[in-house]
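Reviewing the structure listed below.
The values are calculated or read from the model by the stated rules, or taken from the named source; none is laboratory data. Not measured: the values here are computed from a predicted model. For neighbour counting, all protein chains shown are included, and Cβ atoms are generated from backbone atoms with ideal geometry for every residue, glycine included.
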Amino acid sequence: MKLNWGKPRIIVRKCSDVTPNPNPFIEFPTPVQSSTVLDTTKGDKTEAKVEGGENEDVRYNRNTYALTTRIRTLKNRLKPILDDDGIIPDEYEVYVQPEDPTAVGMFMARSTASEADQFNADDGGAWEYVFDALKNPETGKGQVQWGIVTITESGGSITGVTFTPAGAIGATPNVLLFSEDASASGIDVAVTETGVTATPSENWCTTSVAGKVVKVKVQANSTTSERACVITLAKGSDRGYISVKQEAGSGQ
């Protein structure tokens, strides 16, 4: 699948001032069909006009973004996030993974959430959640970022979600899947630049670079949980990313 369409997985986590974030990941139930939409409000346009009506200069303010999704109120289903008449006091991280997990997904590092209860006789009840993207002063990145969303799970529970932003340095493949065993031969990743460095975020993952090839190896996973790592490619101010995922081990 080439496009990032289809049934999405939506996962949120309450923001925290503590690093690493101790709050659990919350996965939303499958949304109502075609209800998950990112609305973009274009920034205001300011025109500096001169006599005769021509523009001497034009300036735009930044866009704003709101992600909307709707969940049906099925029997015995609880709200994924509690509210007080629509008010949700906390800020949330938001991850949207497309049906094809190797396709480009979406990430909001900070958002303000709200909820609205809905009902009609034809379609029943629903909870509509809106996440308004906020500026992230810690990273200086955009309010909405695009890249690969990798979800790790163990025993039916989500143990981690990582976001790998799309970068100026291309990598093929940019998502690597390893078994629980150590990888002696590794996996070769073709990159679009020579002279890049490849730095993994976890010490169980190692890299070596030769020309336009990055070789990625992993140690055996002795834990009973899947684990994930992000490799940052760098050359000057350009960046690229490789997402690594390894299956859970036996714990022995």
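Taking every residue in the range 116-136 that is on the phi < 0 side of the Ramachandran plot and pairing it with any residue that is loosely packed, with under 12 Cβ neighbours inside 10 Å, at least 6 positions away or on another chain, the pairs with Cβ-Cβ distances below 7 Å are Gly125/Phe119.
Could you list, in sequence order, all residues of the range 148-164 that are over 22 Å from Pro98 (Cβ atoms) and either surrounded by 14 or more Cβ atoms within 10 Å (Cβ to Cβ) or modelled with pLDDT of 90 or more (or both)?
Ser154
Going residue by residue through the range 29-51, is there one that turns out to be of a type outside the set (Ser, Thr, Tyr) and touching a Gly at 6+ places or on another chain (Cβ under 9 Å)? Checking the range 29-51: not a single residue is of a type outside the set (Ser, Thr, Tyr) and touching a Gly at 6+ places or on another chain (Cβ under 9 Å).
In the range 191-198 there is at least one residue that is under 28 Å from Thr159 (Cβ atoms) and either modelled with pLDDT under 95 or in contact with a strand residue (DSSP E or B) (Cβ under 6 Å, 6 or more places away or on another chain) (or both).
Residues that are of a type in the set (S, T, N, Q) and part of a strand (DSSP E or B) were ranked within the range 243-252; the one that is nearest to Gln97 (Cα to Cα) is Ser243. With respect to the conditions (1) at pLDDT below 95; (2) touching a Ser or Thr at 6+ places or on another chain (Cβ under 6 Å), Asp132 lacks only one, and its number is (1).
Contact annotation: no residue pair with Cβ atoms under 7 Å, 6 or more positions apart or on different chains, pairs a residue in the range 50-74 that is free of Cβ contacts under 8 Å to residues at least 60 places away in the same chain and within 13 Å of Glu115 (Cα to Cα) with a partner that is surrounded by fewer than 10 Cβ atoms within 10 Å (Cβ to Cβ) and not hydrophobic (A, V, I, L, M, F, W, C). For beta carbons closer than 6 Å, sequence separation of 6+ or different chains, a first residue in the range 226-241 that is assigned by TED's automatic domain parsing to the domain that holds Lys212 and a second that is outside any strand (DSSP E or B) and at pLDDT below 85, the qualifying pairs are Asp238/Ala168; Arg239/Gly167; Gly240/Gly167; Tyr241/Gly167.
Can you tell me which residues in the range 65-105 are aliphatic (A, V, I, L, M) and over 19 Å from Lys245 (Cβ atoms)? Step through it out loud before you land on a result.
Kept after step one, since they are aliphatic (A, V, I, L, M), are these residues of the range 65-105: 66-67, 71, 74, 78, 81-82, 87-88, 94, 96, 103-104.
Scanning the range 65-105 gives Ala66, Leu67, Ile71, Leu74, Leu78, Ile81, Leu82, Ile87, Ile88, Val94.
Picking from residues in the range 3-18 that are of a type in the set (Lys, Arg) and in a strand (DSSP E or B), the one that is farthest from Ala133 (Cα to Cα) is Arg9.
Rundown of residues vs (1) farther than 30 Å from Ser16 by Cβ; (2) polar (S, T, N, Q); (3) modelled with pLDDT under 95, yes/no style:
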{"position": "Gly43", "(1), (2), (3)": "no, no, yes"}
{"position": "Glu51", "(1), (2), (3)": "yes, no, yes"}
{"position": "Glu54", "(1), (2), (3)": "yes, no, yes"}
{"position": "Val58", "(1), (2), (3)": "yes, no, yes"}
{"position": "Asn63", "(1), (2), (3)": "no, yes, yes"}
{"position": "Leu67", "(1), (2), (3)": "no, no, no"}
{"position": "Lys75", "(1), (2), (3)": "yes, no, yes"}
{"position": "Lys79", "(1), (2), (3)": "no, no, no"}
{"position": "Asp85", "(1), (2), (3)": "no, no, no"}
